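The values are calculated or read from the model by the stated rules, or taken from the named source; none is laboratory data. Computed from a predicted model, the values in this text were never measured in an experiment. Counting neighbours? That spans all protein chains shown, and the Cβs are built from the backbone with ideal geometry, glycine included.
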Amino acid sequence: MNPFNGKEIPIWISEYVLAGYGTGAIMAVPCGDERDHKFAQYFNIPITNIIGEAYNGLEANPTKEAILENPDL
């Protein structure tokens with residue numbers, strides 16, 4: 001559950017993390033990470049844009065300059 005608005009947050013489980021990358025849970029941000037973006041596209045998982053105009057909807061943008069948006073998700 002999102003603690004800010006009470007909405008359910010979907011969780012997908014997969015073995016796609018690279019060996020040696022670490023263990024445990026990860027937070028995928030497909031609009032800002034190329035691997036997460038490809039994973040989401042391949043499995044048809046909705047990609048939430050949290051970086052506004054910095055995300056063009058076609059490819060991930062790992063910018064550190066964007067202002068985070070969509071806090072109500």
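For this structure, a couple of remarks:
- Among residues of region 25-39 being under 8 Å from the mean Cα position of the chain (by Cα) and either within 18 Å of residue 56 (Cβ to Cβ) or assigned to a helix (DSSP H, G or I) (or both), the one that is modelled with the lowest pLDDT is 29.
- Failed item in (1) closer than 20 Å to residue 9 by Cα; (2) loosely packed, with under 14 Cβ neighbours inside 10 Å, with residue 69 passing the rest: (2)
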